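A.B. asks: One structure follows; several queries about it will come next.
The values are calculated or read from the model by the stated rules, or taken from the named source; none is laboratory data. This one's a predicted model, so the numbers in the text were calculated from it and none came from an experiment. Here the Cβ is made from the backbone with ideal geometry for all residues, glycine too, and neighbour counts use every protein chain on show. Please note that ligands, DNA and RNA were not included when accessible areas were found on the heavy atoms of the full protein model with its side chains. Shrake-Rupley method; radii C 1.70, N 1.55, O 1.52, S 1.80 Å.
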Amino acid sequence: YYYDALAASAAVSAGLYDEAVALAERSLRANSQHASTLRVLAIAHGMRGDLDRARPVVERMLAIEPGFTVRRFLERAPGAD
């Protein structure tokens with residue numbers, strides 16, 4: 001799951017959102033509680049313009065990481081700029 005999550009993050013960074021979704025979904029099949037994977041899946045759906053699919057992913061992620069905020073994400077994300 002971890003390597004698929006990393007690959008999904010790389011795919012998002014490269015603008016390969018469909019590939020990112022596929023990798024993140026595979027990662028979640030192996031570990032459905034991995035908050036990082038849920039974040040990247042939500043981002044990939046959002047970047048594809050599919051907010052209806054992103055919303056429930058965000059809800060799942062917030063159930064695991066209730067203190068998450070976009071501000072905190074940007075503070076610790078290496079590619080936030």
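A.B. asks: Here are Ser36, Ser27: which of them is out of contact with any Ser or Thr (no Cβ under 6 Å at 6 or more places or on another chain) and either among the small types (Gly, Ala, Ser) or in a loop (DSSP other than H, G, I, E, B) (or both)?
C.D. replies: Ser36
A.B. asks: Separate question: Residues of segment 41-72 being surrounded by fewer than 14 Cβ atoms within 10 Å (Cβ to Cβ) and closer than 14 Å to Leu16 by Cα, which ones?
C.D. replies: Gly49
A.B. asks: Looking only at segment 50-68, decide whether some residue is under 11 Å from the mean Cα position of the chain (by Cα), not in a helix (DSSP H, G or I) and not charged (D, E, K, R).
C.D. replies: Scanning segment 50-68 turns up no residue that is under 11 Å from the mean Cα position of the chain (by Cα), not in a helix (DSSP H, G or I) and not charged (D, E, K, R).
A.B. asks: Looking at segment 6-34, which of the residues that are open to solvent by less than 30 Å² (accessible area, probe 1.4 Å) and among the small types (Gly, Ala, Ser) is farthest from Gly49 (Cα to Cα)?
C.D. replies: Out of the qualifying residues, it is Ser27.
A.B. asks: For segment 2-16, does any single residue satisfy the condition of being in a helix (DSSP H, G or I) and touching a residue at least 40 places away in the same chain (Cβ under 8 Å)?
C.D. replies: Initial filter on segment 2-16 (in a helix (DSSP H, G or I)): 2-13.
From what's left, touching a residue at least 40 places away in the same chain (Cβ under 8 Å): 13.
Within segment 2-16, one or more residues are in a helix (DSSP H, G or I) and touching a residue at least 40 places away in the same chain (Cβ under 8 Å).
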